[in-house]
Amino acid sequence: MWARRVGFFLVAIGTIYFAFALVSNLADMPRVKMTPSALAAGLFSLIVVPMTAALLALLFRILLDDLGVVVRWSAAFKIIALSQMAKYLPGNIGHFVGRAALARAQGLPLGPVISVTLLEVIWTLALGLGIAAIALLLLLDTPLRGPFDVLNQQWVVLGLAGALALAPWPAIALLNRVSPGLSRRLGNGVVISRPKALVALVTAAILLSCFCLLGASAFVQARYLFAIDAGELLSFIMLFATAWVAGYVTPGAPGGLGVREAALLVLFSPILGPAGAVSLGISSRVLTTLGDGLTFLLGLVFRARG
């Protein structure tokens, strides 16, 4: 309960902070010009969401197959697409609950479904933290001092990022060995299964592709919707991933609302300026929400076709 209260507090603080920045920079915010490039950027940002859902459906299928549960990609996409809108419910876990319910309705065993969902969450967080570590290396202007000065070394941060990205693989084995009871509780009666080495690499690659698509979406919005020619694609990928994870881990933040926008404002203001960062926060939220709606509609189409 305390975690949810902290989450609601962070949502409120983030929303107020972003709203204050919006009012303060309203006069300086860049205007959207309806050029072909701007329309293409908006369309790309819109379809990025169902593209990531398609990748997550592929991952869902691969991880279940690794556990011996066979499911077609189309069935996996229906589950992922139809459950996505539930993340906007208070609590920020509705889409996971919806995924389990839809999977069970499809006749899939609940234990493996919960196990692979937990694996996806853990790997997403690990990869996001790894990307944030690389961002620290490349984008921090002031070198760290004291006990943290070792992080000024490029090889240390890259090694840390790689270790975090692959950490779930040995961590699951350690959990199953040290505390199998906890593993079974988390997996709804089934020990969380460590994927094969190749499946682990594919998992990391698919989730990294999702982060790259989301970062590319933010990049084209800034470059072509608002005509802000600042920052490189790699910087956008890393910073947007960091902001996305901030909203992802906040309990009680529906769809990361408020927290993600505040993080975007803090991270992108040095690159785009405060007004540009506010504009990006608004456009990314609007287009992402519309994209979630499009994904849900595609899920309904897939369900209607059986």
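The values are calculated or read from the model by the stated rules, or taken from the named source; none is laboratory data. In this text the structure is predicted, and so the values were computed from the model without any measurement. Please note: Cβ atoms are built from the backbone with ideal geometry, for glycine as well, and neighbour counts cover all protein chains shown.
Going through the range 210-239 one residue at a time, which ones are in a loop (DSSP other than H, G, I, E, B) and more than 15 Å from residue 32 (Cα to Cα)?
230, 231, 232
Scan 275, 243 and give me the residue that is small (Gly, Ala, Ser), outside any loop (DSSP other than H, G, I, E, B), at pLDDT 85 or above and within 22 Å of residue 87 (Cα to Cα).
243
Based on what the data block shows, is residue 60 within 14 Å of the chain's Cα centre (by Cα) and aromatic (Phe, Trp, Tyr)?
Judged against the criteria, residue 60 is not a match.
When both residues are 6+ apart or on different chains and their Cβ atoms are under 6 Å apart, which pairs have a first residue that lies in the range 96-124 and is of a type in the set (Val, Ile, Thr) and part of a helix (DSSP H, G or I), and a second that is surrounded by fewer than 21 Cβ atoms within 10 Å (Cβ to Cβ) and modelled with pLDDT of 85 or more?
These pairs meet every condition: 116/64.
Please work out if residue 63 is in a helix (DSSP H, G or I), surrounded by fewer than 20 Cβ atoms within 10 Å (Cβ to Cβ) and modelled with pLDDT of 85 or more.
No: the conditions fail for residue 63.
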